Structures are given as C-alpha cells and as structure tokens.
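Right, one structure below, let's go through it.
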Amino acid sequence: VNVIPPNYVRPGDADIKIIVIAKYIYGKSVIGLLEVKLGICNDSSTTAMVFKHERFYLSEADKGRKLLTFPNAGYDEFPVNQRLCIFAEVTEKASGMKCGKSDNSAHFTDNPIKIDCELTPPFYRAILPLQLQIRARYPNGEVVEDVEVQATQPDGTVKRQTTGRTGIADVSVDIGNTHGDLQILVAKTGQLGVWCDFKEFCSVCGGQITVRPKVLGKQQVGTTADFEIVKAQNDNRQLPITAIVVARGTIQSSQH
C-alpha cells in the first residue's frame, strides 16, 4: 500500500485529492476494502485530529490505483502551517489480511511556494559578478519549475532567469566596485502568496562591499525585494574576519 498526497492544501482549494495504490509485490492489484482517515497534526505531534473517515471498495477495475477526492472542509478554521495526516488501510477480500500506510508530508498553507537563496555563497569577489542562486520549493521539499527571477542592477540593467528541473535559477548580477540599489523580483504565473527569504552577501575583499536586504524577513512574491549595496568607509575601523582556513580544529590562516 502506498499513498500519494497533494503537494500542499490551500484555503482556496475546493478539494483534497489523494491517490492510494494497493498492489501485491509481484504487481497484481489488490481487491478489497479501503479505509482512509484524514487528520491534522503539527511538526512535533505524534497523533492527529481526525476530520475525515471514509471507506471505499477496491475493485478489479481500479487496477490497484484509486483517486480519492475529499472536500477541503471539516475544520472550524483553516489549519495553516499544520500538516495533513493521511492513513490508508486495505483489507484483502480473499483473506481479510490488512495492510496500511501513513503519510504526513503535505502541509496546509497559504504560501504554497518557498523561495530562498541559501545556496548562494555568502562571500564573493567584488571584481566579479555576484552569482545568485534562487531556489523554489513546495512546503514538502519538492522543487518548483518555471519560477521567474528578475534582478535589476544599480545601472538599470535587468537580468532574467527561470528555475529549472532542480528548482534553482542562476542569476549573475554585476554590481562592480560601486554602491547603489539592487532589486530582485520573484514571481510565478498563477501563483500568489509566495514568500522569499533573502540574506546578506559580503565581498571577500575585507568586507568592503556588502549586499543586504533593506527589509529583513520575508518579502511577498509579485513585489520587489530591495537590496542595498554598501561600501565600507575608511575610518580606521577594524574589519571583521571574512574568511578562515581550519585544519584539524585549528585556525591555520585568516583574511581580514
């Protein structure tokens, strides 16, 4: 028995669609009773609050694969940021033997796609372009293709890329040895309520140039995330360590 859940459940979705596969190890379809329970749980919970409990019959016509549709209802308030818990149990008609499968990888969410740039190295060389790696994922970790990333450089030049099969868009931003504003727009056609998590990037040249978000936290997709490119002032301040080499637990060399 196997369960294929939806990627996520949003408040506006009319239905929750689930696929249950019931086959013997040699490939033949199982015929019998299918019992399905849907519940709500959080990341740390070991039990779920059940809001749906239904029974179905697996016939030979199903060929071991049954698509089930449940109304997106049954709770007082939409359980945003909670998990959808699915338990499916099949009782074989011939012998009465039972076999079950559970899954809690799907989330209830109003932000169906998560955007981050955690794969972008935190340090770069100011004389070279900043290579941004923007990643798009569903709440269950699956990657999202065809998310458009648009970066507007300080000189007004616009760079565009879309996420591929890996869910990553590689955007090369040429900020040079200057300061100014960098704008990044992330959007996906037909998808709203997506949020971006961005971080700060520093050049390895003594931390002299920093690219940092103007507003910390999350930016909604479809709006522009504003960054500022800041040059450090030569006021005899001690600059932080930007790179170290560690071998066998000991710092061997450092760059300031």
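The values are calculated or read from the model by the stated rules, or taken from the named source; none is laboratory data. Bear in mind that the values here come from a model prediction, so they are computed numbers and not experimental data. With ideal geometry, Cβ positions are generated from the backbone for all residues, glycine too; neighbour counts draw on all protein chains shown. Surface accessibility is based on the protein's heavy atoms, side chains included, excluding ligands, DNA and RNA. Shrake-Rupley method; radii C 1.70, N 1.55, O 1.52, S 1.80 Å.
The set of residues from the range 22-49 being in contact (Cβ under 8 Å) with a residue 24 or more places away in the chain, in a strand (DSSP E or B) and open to solvent by 40 Å² or more (accessible area, probe 1.4 Å) comprises Lys23, Leu33, Lys37. Of Pro79, Pro121, all but one fail to be in a loop (DSSP other than H, G, I, E, B), open to solvent by less than 60 Å² (accessible area, probe 1.4 Å) and at negative phi; the exception is Pro79.
If the Cβ limit is 6 Å and pairs must be 6+ apart or interchain, which residue in the range 118-139 that is modelled with pLDDT under 80 pairs with which residue that is open to solvent by 70 Å² or more (accessible area, probe 1.4 Å)? What qualifies is Ala126/Asn177.
Among the criteria (1) open to solvent by 50 Å² or more (accessible area, probe 1.4 Å); (2) touching a His at 6+ places or on another chain (Cβ under 6 Å), the one Pro139 does not fulfil is (1).
Those residues that are open to solvent by 40 Å² or more (accessible area, probe 1.4 Å) and more than 20 Å from the chain's Cα centre (by Cα), I need them from the range 1-16; list them, please. If the condition is that a residue be open to solvent by 40 Å² or more (accessible area, probe 1.4 Å) and more than 20 Å from the chain's Cα centre (by Cα), then Val1, Asn2, Ala14, Asp15 are the ones that fit.
Within the range 52-68, not a single residue is of a type in the set (Gly, Ala, Ser), in a strand (DSSP E or B) and in contact (Cβ under 8 Å) with a residue 40 or more places away in the chain.
Kindly evaluate Thr162 against the criterion of being at pLDDT 80 or above and open to solvent by less than 10 Å² (accessible area, probe 1.4 Å). Considered against the rule, which asks whether it is at pLDDT 80 or above and open to solvent by less than 10 Å² (accessible area, probe 1.4 Å), Thr162 comes out as no.
Taking Leu132, is it open to solvent by less than 40 Å² (accessible area, probe 1.4 Å), within 30 Å of Ser29 (Cα to Cα), in a strand (DSSP E or B) and hydrophobic (A, V, I, L, M, F, W, C)? It would help to see each step written out before you state the result.
Details: open to solvent by less than 40 Å² (accessible area, probe 1.4 Å): yes; within 30 Å of Ser29 (Cα to Cα): no; in a strand (DSSP E or B): yes; hydrophobic (A, V, I, L, M, F, W, C): yes.
Spelling it out, it is not the case that Leu132 is open to solvent by less than 40 Å² (accessible area, probe 1.4 Å), within 30 Å of Ser29 (Cα to Cα), in a strand (DSSP E or B) and hydrophobic (A, V, I, L, M, F, W, C).
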